[in-house]
Amino acid sequence: MERWQALDGVEIAYTQWAAEKPGVPVLLHHGFAADANLNWVLPGVVPALVEAGHRVIALDARGHGQSGKPHDSA
């Protein structure tokens, strides 16, 4: 899992997969109360897209999965 730091300092976790000859990239964003693994990896969506020749990037939104979970009461 890779990480990108947003301007406010929160780390956003994401994972990339690539086909042997990657074509059009596909960005996957999960639904409410889930993460990339639950919505896209476990059901087989990511492997199917990679097999179809896509570069796939799936992220965990802030507060979800492996991304940062800021707790600023303000």
(request) For region 2-14, just list the computed ³J(HN,Hα) in residue order, Karplus coefficients 6.51, -1.76 and 1.60, θ = phi - 60°, integers in Hz, with x standing in for Gly and Pro. (result) 9, 9, 10, 9, 6, 4, 8, x, 6, 8, 9, 8, 8
(request) Kindly provide the chymotrypsin sites (Phe, Trp or Tyr not before Pro) of the chain that DSSP labels as loop, not H, G, I, E or B, and whose Cβ sees at most 14 other Cβ atoms within 10 Å. (result) Phe32
(message) If I take every Cα pair under 8 Å that is 6 or more residues apart in the chain, average their sequence separation and divide by the length, what percent do I get for the relative contact order?
(response) 40 percent
(request) Express the accessible area of the chain per residue in Å², computed with a 1.4 Å probe while the remaining protein chains stay in the model. (result) 68 Å²
(message) Residue by residue through region 21-27, what is 3J(HN,Hα) from phi via Karplus (6.51 cos²θ - 1.76 cosθ + 1.60, θ = phi - 60°)? Round to whole Hz and write x for glycine and proline.
(response) 10, x, x, 4, x, 10, 9
(message) Given the DSSP H assignment, sum -39500 (n - 2.57) over each helix run of at least 4 residues in the chain and divide by its residue total; what's the result at 222 nm in deg cm²/dmol, nearest 500?
(response) -2500 deg cm²/dmol
(message) Give me the dipole magnitude in Debye, nearest 20, for the chain about the Cα centre, with unit charges on the beta carbon: positive for Lys and Arg, negative for Asp and Glu.
(response) 100 debye
(request) Write down the Å³ per residue value for the convex hull defined by the alpha carbon atoms of region 32-74. (result) 72 Å³
(message) 5 Å is the cut-off here: which amide hydrogens, built 1.01 Å from N in the peptide plane, fall below it relative to Leu28, excluding neighbours closer than 5 in sequence?
(response) Ile57, Ala58, Leu59
(message) Between (1) -0.46, -0.58, -0.76, -0.81; (2) -0.54, -0.68, -0.88, -0.94; (3) -0.57, -0.73, -0.96, -1.03, which entry matches log10 I(q)/I(0) by the Debye sum over Cα atoms at q = 0.14, 0.16, 0.19, 0.20 Å⁻¹ as derived from the coordinates of this structure?
(response) (1)
(message) What is the percent carbon and sulfur in the accessible area of the chain, measuring with a 1.4 Å probe over the protein chains and ignoring ligands?
(response) 57 percent
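The values are calculated or read from the model by the stated rules, or taken from the named source; none is laboratory data. These figures come from a predicted structure and were not determined experimentally. Reconstructed Cβ throughout: ideal geometry from the backbone, glycine too, with neighbour counts over all protein chains shown. Each accessible area value is taken on the protein alone, full model and side chains, heavy atoms only, with ligands, DNA and RNA left out. Shrake-Rupley method; radii C 1.70, N 1.55, O 1.52, S 1.80 Å.
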